[in-house]
Amino acid sequence: MTIIDVPTSGQIRSYQMFIDGEFVDAIDGQRYESVNPYTGTVWATVPDGSDADVERAVRAARTALDTGEWGALSGLERSRLMRRLAALITENAEALGTIESTDNGKLLRETRFQAEGLAGWLDYFAGVADKITGLTIPSDKPNFMIYTRREPIGVVGAITPWNSPLLLLMWKLAPALAAGCPVVVKPADQTSASTLDLAKLFVEAGFPRGAFNVVTGVGAECGKALVRQPMVDKIAFTGSTRSGIDVMKSAADNLTRVSLELGGKSPNIVFSDADLDAVQNGVIAGIFAASGQTCIAGSRLFVHDKVADELLERLTARAEAIVLGDPLDPATEMGPVALESQLARILEYIEIGSGEGANLVTGGTRPAGAHVGDGFFVTPTIFADVDNTMRIAREEIFGPVLSVLRFTDEEDLVRQANDSDFGLAAGIWTNDIRRAHRVAHRLHTGTVWINSYRAVSYAAPFGGVKQSGIGRENGADAIDEYLETKTIWVELSDQTRDPFRMA
Ligand code: NAD
């Protein structure tokens with residue numbers, strides 16, 4: 001059933017938050033504007049919530065769990081609701097994809113594909129929802145029965161970034177709902193629309209009130225309020241490392257659990273025996289897909305000296321042929337970056353790279369012409385002769401900027417690849433099966449792709465080490481992030497025990 005309308009040009013949409021099963025404005029009535037990064041014009045207005053709105057949403061979630069209909073559902077009932085939601089998302093994927101592309105400038109061919117894939121997360125975790133079991137533990141003491149229950153951890157606060165709002169929400173939402181947790185989402189202010197539209201599908205699917213809530217607001221204030229809220233039991237956060245550190249510090253005040261999916265500076269490693277056609281595609285996918293605005297961007301390209309010149313030539317030619325333009329046009333290969341501030345940051349890093357002595361081989365400018373209009377575009381950029389100590393090799397740029405580094409020795413390569421504050425992902429390109437696994441085992445990252453790049457699945461754990469985060473999303477075990485174990489001891493004898501000795 002089609003519930004969500006595809007946005008039409010010229011129309012300005014007016015959104016409301018979703019709290020306790022109802023669409024509402026911010027308590028103080030404030031609103032803000034959401035800008036389409038391709039046109040640079042306002043396309044939607046969104047409630048600018050405050051602490052009071054966050055409290056209202058968290059209270060609704062708390063009630064839903066403690067005394068409401070949601071907390072009383074069986075696992076099977078939750079899984080049925082999740083499957084219904086999955087089907088509705090699929091039926092509305094075209095609209096959800098178009099909304100995301102309008103909000104953050106990503107290609108429709110990617111956002112629609114992502115929206116169509118969201119159902120997979122719900123269906124997968126729906127299969128887990130009715131199979132959450134505890135243990136019966138053989139007691140080492142006479143006359144006790146001991147068993148455990150795996151209970152929902154409580155109210156979950158989900159905080160998401162602007163680059164893939166629904167996908168990154170689903171990585172939290174599907175296991176949280178399966179576990180029985182109510183969720184309060186705080187999407188990035190620049191891209192709240194798709195999450196607010198998703199709420200309409202929750203209503204249609206028949207979810208009880210308070211199970212899913214969305215609060216919106218300019219800047220980080222609502223996110224901060226959500227983390228501070230003592231009624232929130234767990235924060236599932238995706239965003240920058242700097243914000244993740246703030247979240248963890250603030251969560252510590254209430255000992256709120258956190259999982260953090262943060263930034264990256266991922267090495268994409270090419271050995272001399274690799275298939276360069278496959279490498280070329282993989283490198284382009286790693287750094288220019290989504291205009292480089294992905295946490296897993298393969299932004300540090302390590303190439304064996306023997307093939308470095310040839311690969312650089314091929315990559316330069318392909319980068320210069322990338323079709324820039326309207327993200328809704330199926331012919332476009334790279335859209336604008338999502339925010340004006342992000343554009344400024346990328347251009348600043350390009351200056352930094354040149355200033356550091358890296359060789360700007362291609363790109364590094366704002367393109368002009370009717371196809372890009374006033375959009376926040378930057379041309380696909382490649383720096384050669386990069387040293388791993390340069391800022392463009394160490395700091396996350398979050399844009400279409402590739403740093404190319406050369407190596408000759410495997411040992412030195414592994415040392416340099418691991419010499420990073422981040423540890424999210426890595427790529428290895430080689431036809432030598434022993435070397436592929438040997439190097440994969442030595443890289444300090446949460447994910448390694450061999451002869452591939454930028455693949456994710458609901459079934460495969462994802463997350464970072466070092467400053468790329470804490471915890472894992474996806475994979476059946478991800479449900480553990482949303483469950484707490486309770487141990488129950490039952491006295492079986494009719495006798496009383498010595499009160500002054502621990503049993
Ligand atoms: P951001 O950290 O600025 O914001 C992310 C979200 O957190 C937003 O909703 C924001 O309002 C909120 N927020 C910011 N500061 C907060 C605080 N102190 N307390 C609570 N909430 C706060 O990140 P961004 O610029 O929106 O997104 C880009 C970043 O996200 C990049 O660093 C990227 O690598 C990272 N990212 C990571 C993953 C991953 O899975 N590891 C995926 C996508 C993006």
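Worth a mention:
- Looking across region 200-227, the residues that are closer than 23 Å to residue 480 by Cα and either part of a helix (DSSP H, G or I) or not hydrophobic (A, V, I, L, M, F, W, C) (or both) come down to 210, 213, 226, 227.
- Residues satisfying the stated conditions in region 458-471, i.e. assigned to a loop (DSSP other than H, G, I, E, B), open to solvent by 10 Å² or more (accessible area, probe 1.4 Å) and in contact (Cβ under 8 Å) with a residue 60 or more places away in the chain: 458, 459, 467, 471
- Residues of region 349-395 that turn out to be polar (S, T, N, Q), part of a loop (DSSP other than H, G, I, E, B) and touching a residue at least 12 places away in the same chain (Cβ under 8 Å), as a count: 3
- If you go through region 116-163 and keep only what is open to solvent by less than 30 Å² (accessible area, probe 1.4 Å), in a strand (DSSP E or B) and in contact with a Cys (Cβ under 8 Å, 6 or more places away or on another chain), you end up with just 156.
- Residues considered: 65, 76. Of these, the only one that is in contact with a helix residue (DSSP H, G or I) (Cβ under 8 Å, 6 or more places away or on another chain) and either among the β-branched types (Val, Ile, Thr) or buried (at least 17 other Cβ atoms within 10 Å of the Cβ) (or both) is 65.
- Each residue in region 290-311 was checked for being open to solvent by 20 Å² or more (accessible area, probe 1.4 Å), within 16 Å of the ligand (Cβ to nearest atom) and either out of contact with any Gly (no Cβ under 6 Å at 6 or more places or on another chain) or in a helix (DSSP H, G or I) (or both), and 0 pass.
- Single residue of region 429-450 satisfying the filter (within 20 Å of residue 288 (Cα to Cα) and under 23 Å from the mean Cα position of the chain (by Cα)) that is nearest to the ligand (Cβ to nearest atom): 447
- Boolean, residue 294 is out of contact with any strand residue (DSSP E or B) (no Cβ under 9 Å at 6 or more places or on another chain), β-branched (Val, Ile, Thr) and not assigned by TED's automatic domain parsing to the domain that holds residue 56: yes
- Looking across region 26-58, the residues that are in a loop (DSSP other than H, G, I, E, B) and open to solvent by 70 Å² or more (accessible area, probe 1.4 Å) come down to 27, 28, 30.
- Subset of region 312-343 [assigned to a helix (DSSP H, G or I) and under 24 Å from residue 165 (Cβ atoms)]: 340, 341, 342, 343
- Number of the condition not met by residue 251 [criteria: (1) free of Cβ contacts under 8 Å to residues at least 60 places away in the same chain; (2) more than 10 Å from the ligand (Cβ to nearest atom); (3) open to solvent by less than 40 Å² (accessible area, probe 1.4 Å)]: (2)
- A single entry from 345, 242 fulfils the requirement of being open to solvent by 30 Å² or more (accessible area, probe 1.4 Å), in the same structural domain as residue 42 (by TED's automatic domain parsing), within 16 Å of the ligand (Cβ to nearest atom) and under 23 Å from the mean Cα position of the chain (by Cα): 242.
- Flag if residue 215 is of a type in the set (A, V, I, L, M, F, W, C), under 19 Å from residue 17 (Cα atoms) and touching a Ser or Thr at 6+ places or on another chain (Cβ under 8 Å): no
- Selection within region 2-46 - touching a strand residue (DSSP E or B) at 6+ places or on another chain (Cβ under 6 Å) and more than 20 Å from residue 339 (Cβ to Cβ): 14, 16, 17, 18, 19, 24, 25, 26
- Criterion (under 26 Å from residue 278 (Cβ atoms) and open to solvent by 30 Å² or more (accessible area, probe 1.4 Å)) met by exactly one of 387, 412: 412
- Inclusion of residue 6 among residues that are in the same structural domain as residue 206 (by TED's automatic domain parsing) and either without any contact (Cβ under 8 Å) to a residue 40 or more places away in the chain or under 24 Å from residue 188 (Cβ atoms) (or both) is not warranted.
The values are calculated or read from the model by the stated rules, or taken from the named source; none is laboratory data. Just so it is clear, the structure is predicted and the values come from calculations on it, not from any experiment. Note: ideal-geometry Cβ built from the backbone for every residue, glycine included; neighbour counts use all protein chains shown. What goes into the accessible areas is simple: the full protein's heavy atoms, side chains included, and nothing from ligands, DNA or RNA. Shrake-Rupley method; radii C 1.70, N 1.55, O 1.52, S 1.80 Å.
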